[in-house]
Amino acid sequence: MPAEIAVEKTKLKNPPLKLHYLGDRVLRQPAKRIAKVDDNIRQIVRDMLQTMYSNDGIGLAAPQVGIHKQLIVIDCEPDNPANPPLILINPVIKQVSRELCLAQEGCLSIPGVYMDVTRPQLVEVAYKDENGRPRSLKAGDLLGRCIQHEMDHLNGVVFVDRIDNSLALAQELSQQGFSMQAVNHIP
Ligand SMILES: [Zn+2]
């Protein structure tokens, strides 16, 4: 019987998990594969979902809450109670489109910073769901972008690493109290 994973999409004053922010080396450590999807993992998923909803996020990767596991939660419609969240365990990118697109991103680990990032328009990902079943998904638009953004976190990459315009980035980061020294630019 599939386990019940859904949590209420409400904002808690004290969400169960603490976010880590740009500059914290926790965000730079790669995440480990999950060997077994069990109740312990499902409890982490619930805690991550509540933490994401409480912070007005649409995606959260486990390293952002200091958990070095290949685990991602996403909900592109957090205000729609009927839209179930997407849970990706041990996700692997199978294919990306050659076509790229540019869109604005933000990150719960870099609050207040929003900048345009170029990424493949479409992504195909294989993963396990919260019951350990293998699944795959092709996604574009906001969902495709969100999956790529969150998968970067599993590799210790944050979206600002992908921004070429370092002048604009430095300005944007300093306005929000972050330092360029925390950025690992990807050529
Ligand atoms: Zn992020």
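Panel order for K128, K36, by other beta carbons found within 10 Å of each beta carbon, from fewest to most: K36, K128.
For a straight C-alpha distance cut-off of 12 angstrom, the aspartates and glutamates reachable from K94 (same-chain residues fewer than eight places away being disregarded) are E124. In this structure, the amide hydrogen of G59, modeled 1.01 Å from its nitrogen in the peptide plane, lies closer than 5 angstrom to those of D75, counting only residues at least 5 positions away or on a different chain. Computed packing ranks the peptides 42-53, 10-21, 169-180, 84-95 as 42-53, 84-95, 169-180, 10-21, most packed first, by mean other Cβ atoms within 10 Å.
On the basis of the beta-carbon distance and an R0 of 41 Å, D79 and Q181 show a calculated FRET efficiency of 0.65.
Each Cα pair under 8 Å and six or more residues apart adds its sequence gap; the mean of these over the residue count of the chain is a relative contact order of 22 percent. Counting only residues at least eight positions apart within a chain, or on another chain, the lysines with an alpha carbon under 17 Å from that of K69 are K18, K32, K36, K128. Using only Cα atoms, find the angle between the long axis of helix 39-54 and the longest principal axis of the chain, and express it within 0 to 90 degrees, rounded to the nearest 10. So the inclination is approximately 50 degrees.
Length gained on full extension, N155 to L102: 16.9 nm, using 0.36 nm per residue less the C-alpha separation.
Specify the angular offset, from 0 to 90 degrees and rounded to the nearest 10, of the alpha carbon long axis of helix 166-175 from the longest principal axis of the alpha carbons in the chain. The answer is roughly 70 degrees. Here is how the number arises for the chain: DSSP H runs of 4 or more residues each give -39500 (n - 2.57), the sum is divided by the residue count, and the result at 222 nm is -7000 deg cm²/dmol. Taken along the Cα-to-beta-carbon direction at a fixed 7 Å, the label points for D116 and K18 span 3.8 nm. Extension gain, R135-K94: 0.36 nm per intervening residue step, less the Cα-Cα distance, totals 13.6 nm. Could you tell me the calculated FRET efficiency between N40 and K11, based on Cβ-Cβ distance and R0 = 35 angstrom, to the nearest 0.05? Taking R0 as 35 Å, the efficiency between N40 and K11 is 0.85. Could you work out how far helix 141-154 tilts from the main Cα principal axis of the chain, as a 0 to 90 degree angle to the nearest 10? The two axes meet at around 90 degrees.
Bear in mind these aren't lab numbers, they're just calculated from the coordinates by the rules spelled out. A quick note: this is a predicted structure, and the numbers were derived from the prediction, not measured. Using ideal geometry, Cβ is built from the backbone for each residue, glycine included, and neighbour counts are taken over all protein chains shown.
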